Amino acid sequence: MPAKFPSLSQCAALLLSGGAYAALAYATPRQQFGQLLGLFAVALGAYAWLLRSRLPVRWGLAAALAFRLLWLPAQPALSDDVYRFRWDGLLVSQGVNPFRFRPDELIADGARRAVPDAARRAALLPELQQLYRQLNSPHYYSVYPPVCQFAFGAAARLFPTSEAGFAACLRVVVLLAEVGTAWLLLALLPLLGWPPRRALHYLLHPLVIVELTGNLHFEGVVFGFILLALWLLSRQKWAASAGALGLGVATKLLPLLVLPLLVRRLGVRRFAAYAAIALGTLAVLFGPFLSVDLFENIARSLKLYFRSFEFNASVYYLLRPVGYWLTTYNQIAVIGPALAFTSGLLGLALAWRERRPTLAALPSALLLMLTAYYALATTVHPWYLTLLVGVSVFTQFRFALVWGGLAVLSYAAYRTSAYTENLWLVALEYAGMYAMLAWELTRRHTTEPSE
């Protein structure tokens, strides 16, 4: 059978995408919101056309790789999280536990407590002092679990004085994870009854390319571990699957949400063993960072996240004015934990009342659970949504693709150093997402896979 080639319109869409990604990578500071929005809209329009016109899968895979390679030498321009990655990495590379000290503590005492050796401290401190001015969270303990810390440490050891080298090293890690994700998607989709071309829904989505490969967020690594756990589970290798899920939790804590969905699928006894292996893997990976104050400092960071941070939220932003009206000040310290608790209850209820607790139905349940979690969250950064985009390829739902496209509107907050959100744009983002979700929920879904 002769190989299929892209049409002229598909070639034009691919070229437009490549040009948009190149401009986003090398010529678009995040303060230039108009330019960012325009380029992202071009990439999103090209993405929609490539899917609608059924771009040949092999060409789609090649394009997905090429778009990611465009970013290889680029510094992340749309996120400053990379500076905290490098801060933690420099500490790990010097044998310092990044969970024990806040950046402001290290700078205040000249890192004497963390690095007693004067020579090592003299080599490390100039880099830390330069980085400190670029951190967006200098007063908070690290929140990045051990898999991230190992990657940060390895990159910092290889490139102790080079920001560009550090970023390129992390980008290789993310790229390798994305290659593994592509393989797993192509293996799992037919196994669960879906056409392989649906892998392109994730691999070519602009949000995934920009936020993972471009901005070096590790949600792509997490998604790869979730897919690996699902693939191993499909092959009846439940112990290895538990280890893979444990690696995912050790990258970002969010995959813990998968566990309640496995109780009825595995049975209570096997689930207990599965959970023990997953959590044991997490404990082993945390081993090098164990200290008396480890759990206290992590708890402080999580408490701050749920009780103090707010960005691009939906339900919370509707409740926030009520708190002001009742008490005259922001009640996030009460509303945030209450919403988190509610999302946990909704997740447990979904797991308990799921009609068909089969392996094929697991992605749909996980998608709804993650959607409820982010709908009730006080902080929803765009890259968080890449997990929803990925999980959605195994379902009939496409609202996550729409949400991922609209999430770029949240970058309007970075037009000035005050980081003031435009709530009209936030409302537009969520109106579009909820409208799509409502439309899909009211449709009659067939049980047969579709394009």
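Bear in mind these aren't lab numbers, they're just calculated from the coordinates by the rules spelled out. All values reported here derive from a predicted model rather than from experimental measurement. Glycine also receives a Cβ, built like all others from the backbone with ideal geometry; neighbour counts cover every protein chain displayed.
Here are a few things to note about the model shown:
- Dipole axis of the chain (+1 Lys, Arg; -1 Asp, Glu on Cβ), positive-most option in 128, 34, 358: 358
- The calculated FRET efficiency for the pair residue 350 and residue 5, based on their C-beta separation and a Förster distance of 56 Å, comes to about 0.80.
- Toward the positive end of the charge dipole of the chain, with +1 on the Cβ of Lys and Arg and -1 on the Cβ of Asp and Glu, the farthest Cα among 46, 316, 242 is that of 242.
- The residue among 199, 108, 155 whose Cα reaches farthest toward the positive pole of the charge dipole of the chain, with charges on the beta-carbon of Lys, Arg, Asp and Glu, is 199.
- Shape category assigned to the chain from the gyration tensor of Cα positions, a/c cut at 1.5: rounded
- Compared with the direct C-alpha span, the chain from residue 327 to residue 162 gains 54.5 nm at full extension, assuming 0.36 nm per residue.
- FRET efficiency for residue 53 and residue 104, using Cβ-Cβ distance with R0 set to 56 Å, rounded to 0.05: 0.60
- Were the residues from residue 416 through residue 139 laid out at 0.36 nm apart, the gain over their Cα-Cα distance would be 97.6 nm.
- Candidate cross-link partners of residue 303 among the aspartates and glutamates, defined by an alpha-carbon separation under 17 Å and a same-chain spacing of 8 or more, comprise 293.
- A Cβ-based charge dipole, computed about the Cα centre of the range 155-290 with Lys and Arg at +1 and Asp and Glu at -1, lands at about 620 debye.
- A straight line joining the Cα centroids of the range 364-416 and the range 295-325 runs 18 Å.
- The chain: calculated mean residue ellipticity at 222 nm from DSSP helix runs of at least 4, using -39500 (n - 2.57): -20500 deg cm²/dmol
- Relative to the Cα centre, the charge distribution of the range 320-451, modelled as +1 at Lys and Arg Cβ and -1 at Asp and Glu Cβ, gives a dipole magnitude of about 200 debye.
- Largest-first principal axis extents, alpha carbons of the range 292-383, Å: 47, 41, 25
- Note on residue 301 and residue 317: the extension gain reaches 3.6 nm, defined as 0.36 nm multiplied by sequence separation minus the Cα-Cα distance.
- This model, with +1 at the C-beta of Lys and Arg and -1 at the C-beta of Asp and Glu, gives the chain a dipole about its Cα centre of some 1080 debye.
- Three-way shape call for the range 270-322 based on the alpha-carbon gyration tensor, with the a/c threshold at 1.5: oblate
- DSSP loop trypsin sites (Lys or Arg not before Pro) with at most 15 other Cβ within 10 Å excluded, longest remaining stretch of the chain: 238-354
- Dividing the mean sequence gap of close Cα pairs (under 8 Å, 6+ apart) by how many residues the chain holds gives a relative contact order of 16 percent.
- Separation of alpha-carbon centers, the range 4-55 and the range 216-287, rounded to whole Å: 35 Å
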